[in-house]
Every structure is written in C-alpha cells, then in structure tokens.
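Bear in mind these aren't lab numbers, they're just calculated from the coordinates by the rules spelled out. As the structure is a computational prediction, the values presented were derived from the model and not from experiment. Every residue, glycine as well, gets a Cβ built from its backbone with ideal geometry; the counts of neighbours run over all protein chains shown.
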Amino acid sequence: MKKIWLYFTLAIIISGFCAACKPKPLPEPKPMGYFRIELPDHQYKPLEVSQSLSNGQADIRVSPPFTCEQSVHATTTLELQPDNCLWMNITYPELNASLRFTCFKVKNADSLRKLMVSEDKMVKFHYQKADDVQYSMIRDPESRMWGQTYEIYGKDVATPLQFWITDSVNRFVRAALYFDGTPNNDSLQPVIEYLKEDAMHLINTFAWKP
C-alpha cells in the first residue's frame, strides 16, 4: 500500500514538473505600422514662373499658359520640348513627390479628341494595379475650363492622381502626381491625401492667361 502511494506521489510531482516546463505561448504578431510623417500646413502663393529656354534655334522666354496657386513648400521648373510642348514640374523636395504638367497647343478638334483619348488610355494603363478609379468632371464654361480628374487607388499604382484641363479651342494641360521611388501607397496615404488637397486647390484657382 505504501508503494502505491509512493508511485502516486511521484506521478503527481513529475506531471507538475512537466507542466512547468512547457514553453510559454508566443505573443501574437503586431500589425505592421508605418513611420509618422510630419506634414506642413497648407499654404499657397501665386504661380509665378517663367524661364529663358532654347527651342533649338534661339532662346525664348516661356511660361505656362495659365495661372493658379501652388504650395509655398514646392518649387517649380519649366522645360521646353522639341515639339514646343511645355513641361512644368511642381516639386516637393521634402516629400519626394512632384506634380508633372504637360502643356499642349491644340491645333484642331481632331487633335483635341486625340489628346482626350490618350488621357483615357493612360488611366486605363493603371487598371491592372488599381483597386478603384474615381472620376470627377471639371466644367466651368464661364472660365472656358473643361476637364476631368482621376483618383487612382491601389498600393502599387504609380500615380494616385491625374487630371487634364482644356479651353476646348487651343490649349490642353495634363498633370499627374508622382513619387520618387517604388510606390507603397499604404504607407504614403497621408502624403497622398495632403498632395491631393494641394492639387484640388490648384485646380480651383486655375485660370487661363489672356
């Protein structure tokens, strides 16, 4: 009888010891986070940019065919292309981002149609990586402004915002938001929303030059 109690006591001790030796369960992994990005307050100034650029034959003074308000935190540069279309970059050095503009001269109704079709094709190019695309119309006949904005959602899309504006006669301006580096729009979402607000302010203050 004593042996039975001895075995029973040993069994309890051994089972308690084994239970104490079991590894503790690992904590559940925390969800991935991103560094907090400090964004400056929105402040604007009139777009005042012109440069002496070469068209291949002579230096000429060029400026964009419109006025607007841009962020005080951005710098603006111009570049004249061989076909005389004008490139303009509004660059945010601290955010590694830029709004890239191309200003075209419209020759006739057919060339305007081709530019509009080209914009539609460029947006559709992003469909393969986009989760959603939201369209908004720009329409202000009094100011001779017609156009469209495209907000493109998705982690890996190259440009989360595009838009174009035309006077329907001889001027057509397109713009797209780009980041320097491989896009990861989940981590950049606060910056994207910040720059979208700047772009919307630019559009709302947009006016053609006489």
**the stretch 31-107: trypsin sites (Lys or Arg not before Pro) in DSSP loop, at most 14 other beta carbons within 10 Å** = 36, 107
**Asked** With Cβ to Cβ distances under 13 Å as the rule, what net charge do the other residues near residue 121 carry (K, R +1; D, E -1)?
**Response** +2
**Complete:** Counting only residues 5 or more apart in sequence or on a different chain, those whose built amide H sits under 5 Å from that of residue 161 are 152, 177
**Asked** Roughly how many debye, to the nearest 20, is the charge dipole of the stretch 44-208 about its Cα centre, given +1 on each Lys and Arg Cβ, -1 on each Asp and Glu Cβ, and no other charges?
**Response** 600
**Fill in**
Simple SL model, points at 7 angstrom along Cα→Cβ for residue 146 and residue 39; separation in nm is 3.3
**Prompt:** Modelled label-to-label distance, residue 200 and residue 59, 7 Å Cα→beta-carbon offset: nm?
**Reply:** 4.2
**Request:** Apply the Kirkwood formula to the stretch 45-91: the hydrodynamic radius equals the inverse of the mean of 1/r over all pairs of different alpha-carbon atoms; give it in Å with one decimal.
**Result:** 11.4
**Asked** Say each of residue 52 and residue 111 gets a label point 7 Å from the Cα, pointing the same way as Cα to Cβ; how far apart are those two points in nm?
**Response** 2.8
**Cα principal axis extents for the stretch 78-154, largest first, Å** = 36, 28, 27
**Fill in**
In the stretch 44-208, taking the dipole from +1 charges on Lys and Arg beta carbons and -1 charges on Asp and Glu beta carbons about the Cα centre, the listed residue (82, 204, 49) farthest towards the positive end is 82
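Kindly flag which residue pairs out of 129/196; 105/209; 124/155; 105/155 have an alpha-carbon separation exceeding 23 Å in this structure.
On the way: 129/196 20 Å; 105/209 14 Å; 124/155 16 Å; 105/155 34 Å.
Check vs 23 Å cut-off fails for 105/155.
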**Prompt:** Given the stretch 44-208, what whole percent of its Cα pairs are spread farther than 29 Å?
**Reply:** 18
